[in-house]
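Worksheet: one structure, shown below.
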Amino acid sequence: MRIRAIVAAVSGALALSAFAVPAAQAEDGRSWNLDHRFTGTQPSSGEDSQRAFAAAAATDAKITSAVVNGGKPIVVGTKSKQTVPYTVTATDDSGIAGAAAFIWIGQSIDDEESFGFGPNEKSVSCKAVNATTTTCKGTITLNPAEMLNSDATWWRVGVFAGANDGEELERESVSKVRVQRFSKLTVNASPEPVKKGKTITVTGKLTRANLDTATYKGYSKQSVKLQFKKKGAKSYSTVKTVKTSSTGTLKTTVKASSDGTWRYSFVGTPSTSAVSATGDYLDVK
C-alpha cells in the first residue's frame, strides 16, 4: 500500500544554501531555507496548520504567481520520471531571499492521505525583478512508480518563500496544474498497394498508461478521428470518426482514391493526453 504523505514527498527536497539569508539580515539571527516546514516544525494538527497559514498571511510577503510546466498538463507514462519547470514570483518590502513550488493532491496538506512532489534541490535559481520582487525558477520531478490512475486530475501548486527580513511565507494552494496519463496510438492501412476505388481497411489501437499496474491498457469507447493527407498536401483532413472497442482497438473501411498517408488522431480527455499516430503511407495504383 502506498504511503501518501505530502511531508514525506517534499521532506529533504531543498537545502537551498544559495538562498540562505545572511544572519545579519534575519530577524532571528539564523539562515532561512525552504526546508523549514518539513524539519520538525510542521503543525501537529489541522487546526494548528490553519493558524500557521493564517500567521503567514499576516506577513508583508506575497506570492504574485506560481506556474508549473508553463500552464500545460503534465503527462506521465509508466516508467520514466517526468521533470517539469516551475516559475514563482514573490514580493516583500524587504525583498525576497528565495521561493520554490511544490505540487500536491488531497483534502488537506496535513492529511496523511495527501500526496505530492517537491522542488528538486539543485534546480532552484532566483533573479530580482526589482528591490521588492523576485522571480524564482526550478523543477519538480514526478515519479510514476509512486502514482495511481486516480492521480490523473488537477493538482494544487503550493509555494514556500522567504523575505530578506526573515519572514517566511507558505501558501498551500496558489494555482493548479493538471496531470494526465500518457497515451499511444497506432495505425495500419491495408492492403497495399491497392487499386484506385477499392476498399481499404484501416486498423489501429489506442492505449494509455495504467499507473496502478505500470502497463499500457486499451482505452475503450473513445472517439478517434480517421484522417488522410493526400500526397503533396501539408495537412491532414478528417474523413470520419471511429470509436474504440472494449480493448481499445480501431477498425473501419474507406475507398482508396489517391496516394497519401492515413492516421488516427485522438483529442484526449481530462485524464489522458492527446495523441496522433505516425501516419501510414498507402500507394494507390
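The values are calculated or read from the model by the stated rules, or taken from the named source; none is laboratory data. As the structure is a computational prediction, the values presented were derived from the model and not from experiment. Don't worry about glycine lacking a Cβ; one is built from the backbone with ideal geometry, like all the others, and counts go over all protein chains shown. Side chains are part of the model used for accessible areas, which takes the heavy atoms of the whole protein and leaves out ligands, DNA and RNA. Shrake-Rupley method; radii C 1.70, N 1.55, O 1.52, S 1.80 Å.
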Checked against the positive end of the charge dipole of segment 111-254 (+1 on Cβ of Lys and Arg, -1 on Cβ of Asp and Glu, about the Cα centre), the farthest of VAL124, SER173, TRP155 is TRP155
One finds the C-alpha centres of segment 112-134 and segment 201-244 to be spaced, in Å, by 38
Residue span LYS285 to SER190: 0.36 nm per residue of separation minus Cα-Cα distance leaves a gain in nm of 32.9 nm
Once both label points are put 7 Å beyond Cα along the C-beta direction, the SER237-ASP111 separation in nm becomes 5.1
Between LYS217 and ALA131, the FRET efficiency computed from the C-beta separation at R0 = 41 Å comes out, to the nearest 0.05, as 0.15
Mean accessible area per residue over segment 143-243 (1.4 angstrom probe, all protein chains present, square angstrom) is 50
Too long for a 19 Å Cα-Cα cut-off, among LYS225/LYS255; LYS195/LYS255; LYS198/LYS243; LYS205/LYS255; LYS217/LYS251; LYS205/LYS285, are LYS198/LYS243; LYS205/LYS255; LYS205/LYS285
Under 5 Å from the placed amide H of LYS184, counting only residues 5+ away or on other chains, we find THR207, ARG208
Sorted on mean Cβ neighbours within 10 Å (highest first), peptides 155-162, 228-235 come out as 155-162, 228-235
Here the gain from full extension of GLU121 to LYS81, 0.36 nm per residue of separation minus their alpha-carbon distance, amounts to 12.8 nm
